[in-house]
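Accompanying notes for the structure given below.
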Amino acid sequence: MADMAIILQQAQRSLVIARKDIRIYYSKGPVVIFGILFPVFLFLSFTIGRQLAVDFMIPGLVGMILFFTATSISPIVVPWEAQARTLERLMSCPVRIETIIIGDILASFAFGVGISVLPIILGLFLGVTISNSVIFALALILAAFCFASLGNVFSIPPTNMPSTVNMISSVVKFPVVFISGIFIPLDQLPAWGQAIAYISPLTYFTDIARGCIQGRAHLPVAVDLLVLLAFTALFLVVAMKLHQKTMPRRI
Amino acid sequence: MDNDVAIQVVNLTKYYGELLAVDHISFTVRRRELFGFLGPNGAGKTTTVRMLTGVIKADEGGASILGYRAGSLKAKQVAGVVPEIANAYADLSGWNNLMLMSELYGIPASEARQRGASLLQDMGLFPRKNDAVKAYSKGMKQRLILCMALVSDPEVLFLDEPTSGLDVQSARLIKDLLQGLNAKGKTIFLTTHDMDEANQLCDRVAIINKGRIVAIDAPEKLRMATSATHSVEVSFDNVVSPEVLVNIPGVNTVKKLGDKYRLYTANPGELVVSLVNYSSSHGLKVISLNILEPSLEDAFVALTEKEAKHG
Ligand SMILES: Nc1ncnc2c1ncn2[C@@H]1O[C@H](COP(=O)(O)OP(=O)(O)O)[C@@H](O)[C@H]1O
Ligand SMILES: [Mg+2]
């Protein structure tokens, strides 16, 4: 019973930390604008002139924007705080390291979901329909949490240079969008291509989005959701375990 | 657990690779005590505070704060912390920083607002409370950090060199506040390398050097215990070389301090007589002559040097 009270208390403090992250992140205007524009331009540069149907483009665009925005805040918050010398004070508050990590992930999650609504609205405006909006919303939320957790994993190496972490995360993020069925759907990939696609969590979200919008998914929805859930759990456990070790070394 | 104990440290140890930064230290801080942790740079003060506040883990030994294991949520809940190098969030206002802290400590909003406002008043920050912290001066930032440590009304306060590098006014304000808090019954653990500060503020002082505690006592007792460091301060109307002074009977060491000399001796009374004799036989006039009690600094130097010889 006492454990439950502590979990609730720490969950509440995670929300406090998430709100703080969002406030600070938004105060860095250029970072936010770049975080939104980059995936849009990247997407356009690979789709423009290919005469693609709107209902093919929108799932890819949503997946891409969700992936980039949800992985934008979580990798840099901890190095940022270490560099700005706010981390030690935060760590001496009655919060666990896990609480800090979840807070940072929630901030990234909220940013990802919030921004991804824009391409969805654009799609609806252009006439696409979402056949199963409950599944789609569930997938969006789960995927945002999954990507935000992945972003947090990037910040594990105890470097206090946000630019270094940004480089690490870009090196991973960039290839991921090319192997996740964004530009070429899964069923048009050769077997080896599909095998690579399956290691990317973005593949499973894109698959659900294609299922809900284009009506052609490659995998059963339940499989997509379960794999996303498994990836989320994996990233969370890795982030929590390893930050326990590296966070104290940053101060 | 003894109800009178605020901080209990047993065998606390931290290695950084090969370096033994904190070497099996043990001590007790009583409730309501203003306890000084005094040592030169690199002595292990910050490392100790970080272990006590749960920011880093000890390699051996441990500590408890009001009976709670250091580093546990409960121990952190009852403590307020001013780390050595810490900033408030520069993009947030002073007020928002303060409210953020109170939320992280789970302080009810109305209580937090009330205490926050009164702390900012006390620290002279209230008129600037809505400005982003990046516009604050260094002294203002440090005062804000102190407010952030106090907004949860902690029973035990840890401060790591809180006045170091500050303007005189901010330092004075902070010292006054600490004395006030201590008078109200808060336990304060203060690290410093400033002898005067320790002497003015602390009930008891632990002297730490190279990760080890070399003495713990009231500043006055530490001072008196260093019997070898009585001294006489003298100035003459003409130049006298230190080599000459060191040959006067009873003088152990000579230190030049501007236009004065400080002569260390075991027997200041006899030395005064020798000095007067010396000056009259050499046609010099004594301009000033003072017998000095050993300072806390003398005690500190004696203790840390002794340690260096043994180590
Ligand atoms: N993160 C760290 N990594 C390696 N060595 C450290 C670290 N922090 C402190 N040290 C070393 O530990 C010793 C004690 O440092 P510290 O506790 O900061 O001393 P103080 O606060 O008394 O000046 C010093 O020799 C310092 O160089
Ligand atoms: Mg220090």
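The values are calculated or read from the model by the stated rules, or taken from the named source; none is laboratory data. Model, not experiment: these values are computed from the prediction. As a convention, Cβ positions derive from the backbone with ideal geometry for all residues, glycine included, and neighbour counts pool all protein chains shown.
Taking into account only those residues within the range B:57-94 that are surrounded by fewer than 20 Cβ atoms within 10 Å (Cβ to Cβ) and within 13 Å of ligand 1 (Cβ to nearest atom), which is farthest from B:V133 (Cα to Cα)? Per the criteria, the residue is B:D59.
Taken over the range B:273-302, the criterion of being surrounded by fewer than 19 Cβ atoms within 10 Å (Cβ to Cβ) and of a type in the set (A, V, I, L, M, F, W, C) is satisfied by B:V273, B:V276, B:L284, B:V286, B:I287, B:L289, B:I291, B:L292, B:V301. Against the condition over 30 Å from B:S26 (Cα atoms), modelled with pLDDT of 95 or more, within 22 Å of the chain's Cα centre (by Cα) and of a type in the set (A, V, I, L, M, F, W, C), how does B:L144 come out, does it pass? Yes, satisfied.
Identify, by number, the condition in (1) within 14 Å of chain A (Cβ to nearest Cβ); (2) under 19 Å from the mean Cα position of the chain (by Cα) that B:F35 doesn't meet. With respect to (1) within 14 Å of chain A (Cβ to nearest Cβ); (2) under 19 Å from the mean Cα position of the chain (by Cα), B:F35 is out only on (1).
Restricting attention to the range B:156-170 and to residues that are more than 13 Å from chain A (Cβ to nearest Cβ), more than 16 Å from ligand 1 (Cβ to nearest atom) and outside any helix (DSSP H, G or I), the residue that is surrounded by the fewest Cβ atoms within 10 Å (Cβ to Cβ) turns out to be B:D167. Please go through the range B:46-86 and give me each residue that is assigned to a strand (DSSP E or B) and of a type in the set (S, T, Y), ordered by number. Scanning the range B:46-86 gives B:S64, B:Y68.
For the structure I just gave you, tell me whether B:G124 is out of contact with any His (no Cβ under 8 Å at 6 or more places or on another chain) and either outside any helix (DSSP H, G or I) or within 16 Å of ligand 1 (Cβ to nearest atom) (or both). Criteria met by B:G124.
The selection criterion, being closer than 30 Å to A:E81 by Cα and part of a helix (DSSP H, G or I), does not hold for A:F205. Based on what the data block shows, is A:F46 touching a residue at least 60 places away in the same chain (Cβ under 8 Å) and away from every other protein chain (no Cβ under 14 Å)? Yes; evaluated as a whole, the condition is true for this residue.
For the structure I just gave you, tell me whether B:G54 is within 14 Å of chain A (Cβ to nearest Cβ), on the phi > 0 side of the Ramachandran plot, free of Cβ contacts under 8 Å to residues at least 24 places away in the same chain and within 16 Å of ligand 1 (Cβ to nearest atom). Considered against the rule, which asks whether it is within 14 Å of chain A (Cβ to nearest Cβ), on the phi > 0 side of the Ramachandran plot, free of Cβ contacts under 8 Å to residues at least 24 places away in the same chain and within 16 Å of ligand 1 (Cβ to nearest atom), B:G54 comes out as yes. Considering A:L186, A:L226, A:L219, the condition of being at pLDDT 95 or above, over 30 Å from B:I85 (Cα atoms) and away from ligand 1 (no atom under 16 Å from the Cβ) is satisfied by A:L226 alone. Just give me the residues in the range B:98-114 being among the hydroxyl-bearing types (S, T, Y) and either touching a Leu at 6+ places or on another chain (Cβ under 6 Å) or more than 7 Å from chain A (Cβ to nearest Cβ) (or both), in sequence order. Passing the criteria: B:S102, B:S110. The set of residues from the range B:171-194 being within 16 Å of ligand 2 (Cβ to nearest atom) and either more than 13 Å from B:L34 (Cβ to Cβ) or not in a strand (DSSP E or B) (or both) comprises B:H193, B:D194. For the range B:67-97, the set of residues classified as more than 7 Å from chain A (Cβ to nearest Cβ), among the charged types (D, E, K, R) and touching a residue at least 12 places away in the same chain (Cβ under 8 Å) consists of B:E84 only.
For the structure I just gave you, tell me whether A:L15 is modelled with pLDDT of 80 or more and either over 20 Å from A:T206 (Cα atoms) or within 14 Å of chain B (Cβ to nearest Cβ) (or both). When the stated conditions are applied, A:L15 passes them. Taking the range B:14-27 as the range and being surrounded by 17 or more Cβ atoms within 10 Å (Cβ to Cβ) and either modelled with pLDDT under 95 or within 15 Å of B:G42 (Cα to Cα) (or both) as the test, the residues that pass are B:K14, B:A21, B:V22, B:D23.
Only one entry in B:Q142, B:Q179 is away from chain A (no Cβ under 14 Å) and at negative phi, namely B:Q179. So is B:G36 assigned to a loop (DSSP other than H, G, I, E, B) and either closer than 28 Å to B:D194 by Cα or away from ligand 1 (no atom under 14 Å from the Cβ) (or both) or not? So B:G36 fails the test. Residues in the range B:1-25 that are away from ligand 1 (no atom under 16 Å from the Cβ), within 27 Å of B:Q200 (Cβ to Cβ) and touching a residue at least 40 places away in the same chain (Cβ under 8 Å): 4 in all. Within the range A:3-19, can one find any residue that is out of contact with any helix residue (DSSP H, G or I) (no Cβ under 6 Å at 6 or more places or on another chain) and acidic (D, E)? Within the range A:3-19, one or more residues are out of contact with any helix residue (DSSP H, G or I) (no Cβ under 6 Å at 6 or more places or on another chain) and acidic (D, E). Just name the residue that is nearest to the other protein chains (Cβ to nearest Cβ) out of those in the range B:190-211 that are touching a helix residue (DSSP H, G or I) at 6+ places or on another chain (Cβ under 7 Å) and within 13 Å of ligand 1 (Cβ to nearest atom). Per the criteria, the residue is B:T191. Only one of the numbered conditions (1) more than 14 Å from every other protein chain (Cβ to nearest Cβ); (2) surrounded by fewer than 17 Cβ atoms within 10 Å (Cβ to Cβ); (3) in contact (Cβ under 8 Å) with a residue 12 or more places away in the chain; (4) away from ligand 2 (no atom under 16 Å from the Cβ) is violated by B:N41, and that is (4).
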